[in-house]
1. Please give the number of the condition residue 147 fails out of (1) modelled with pLDDT under 95; (2) surrounded by fewer than 16 Cβ atoms within 10 Å (Cβ to Cβ).
2. Kindly check whether there is at least one residue in segment 474-496 that is within 16 Å of the ligand (Cβ to nearest atom), surrounded by fewer than 18 Cβ atoms within 10 Å (Cβ to Cβ) and under 23 Å from residue 385 (Cβ atoms).
3. Wholly within segment 344-455, which strands (runs of 3 or more DSSP E) include no fewer than the required count, namely at least 3 residues that are over 23 Å from the mean Cα position of the chain (by Cα) and loosely packed, with under 13 Cβ neighbours inside 10 Å?
4. Test of understanding: among 456, 508, 500, which residue is more than 16 Å from the ligand (Cβ to nearest atom), touching a residue at least 24 places away in the same chain (Cβ under 8 Å) and touching a strand residue (DSSP E or B) at 6+ places or on another chain (Cβ under 9 Å)?
5. Look at segment 93-114 and say how many of its residues are within 35 Å of the chain's Cα centre (by Cα), in a strand (DSSP E or B) and closer than 28 Å to residue 157 by Cβ.
6. Being within 24 Å of residue 198 (Cβ to Cβ), buried (at least 21 other Cβ atoms within 10 Å of the Cβ) and over 24 Å from the mean Cα position of the chain (by Cα) narrows it down to one residue among 239, 218, 230; which is it?
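The values are calculated or read from the model by the stated rules, or taken from the named source; none is laboratory data. Every value quoted in this text rests on a predicted model; they were computed, and no experiment measured them. When we count neighbours, we look across all protein chains shown, and the Cβ atoms used for this are built from the backbone with ideal geometry, even at glycine.
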Ligand code: XMP
């Protein structure tokens, strides 16, 4: 496996994903590990990532020279490149030219790393310091206006480095550069696929669980579905899934869990039909935060009741969680501090129910989870579903939540999804809330008469991680179809508007 040493910023995750896309398994490790600790993990290669530090800053992470003498191939990127240059006796200096964003890279000598790449390419840079003199024995390959030494390599010593970020999509030939390091310089073979992970995970679950019982809460989202399917593959009927139907899901979603998911996996499913309970608790409530609290509270109560019942019937020892690798890395879990985020998916369980967690996705990225889901035979719509908030349609009705309004919103939402799919735009849109403004009415005309109806808001956005988002520029023809169908087919709706606010200042959801 390849270890990606994390010097901060978000780049390490992206590098690890790109290495896996090249079919080599990779993991992120902290820059606080010593050379001995790194080598003890028996890496087949090491990548030093970029980071926000300057090698001059006091306390900036340094790399010990012995790392480069252990015979393990090393690739330095951005900060990692500079730290590598400094450790090996090169010169890093403030050239006075900072480069942020796109730069033209001139290749003087392609070496192995830049083989078969055009002489000038655009690369993505983010640095203040530059390597001005390469360490002895390393061949200089390229430069940019602000970086006299922008890449170097030594094939014999299996070392290489680049000043730019080959992992970001704005860097041309980035994946090739990374693969040249992995295959030509480090001599690795591309043999890893997410399948490998599936079989390893299944074995690990079987060993961990033995003949004991496991519980999993299904939300209808992709993570819990894939986690449950994997555990089911490993231990079959020792797993029980609980699905709380709170009546706030979109059209077809509850059925997908109750029928398609069960058919695809053979899982033992307990459905708690609690639609009346949730609607009752939400009656008369219009404040968004209060809605969230009520939905969260009722969800936990229901889950508790079901879990207690199951526990007294058959005993439960383990709880499945759909924690992903980015959560593990962000909570420092890569260094052995696991379970920091325990229970976040089920929103806090009663203290007297003592479960051990099983997290079958904790080594996977979201796109790998989708691949694994497809491979386990889960329904396509489930695997490629857009993210959907826990409180569901409850926070997409501005105003009081009633069954009648939910029915209208489900219909409008379904139309938007159908038209998006018909236009083959599902994968380009990150999320697409459809919102009913139940507190607003406007005058319209339909058929022969005046109407006084409610507006529907379309909120398609593009995003990478939901922290920031931009409004999606959907083609007018697609918007037109959605608008015509929604006003024709949804009782009480006489107006459709599109939200063209980015985040910030808006949020993705309206409540
Ligand atoms: P906002 O609206 O804050 O949403 O831009 C960012 C992302 O979080 C989702 N979201 C939620 N997810 N429970 C959830 O599980 C919630 O209460 C909740 N509120 C917002 C939202 O759908 C978007 O993907």
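1. Unmet condition: (2).
2. There is no residue in segment 474-496 that is within 16 Å of the ligand (Cβ to nearest atom), surrounded by fewer than 18 Cβ atoms within 10 Å (Cβ to Cβ) and under 23 Å from residue 385 (Cβ atoms).
3. Here the list reads 442-446.
4. 456
5. 5
6. From the options 239, 218, 230, the qualifying one is 239.
So that you can scan it fast, the table gives a plain yes or no per residue for (1) touching a helix residue (DSSP H, G or I) at 6+ places or on another chain (Cβ under 7 Å); (2) in contact (Cβ under 8 Å) with a residue 24 or more places away in the chain:
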{"position": "145", "(1), (2)": "no, yes"}
{"position": "155", "(1), (2)": "yes, yes"}
{"position": "160", "(1), (2)": "yes, yes"}
{"position": "169", "(1), (2)": "no, no"}
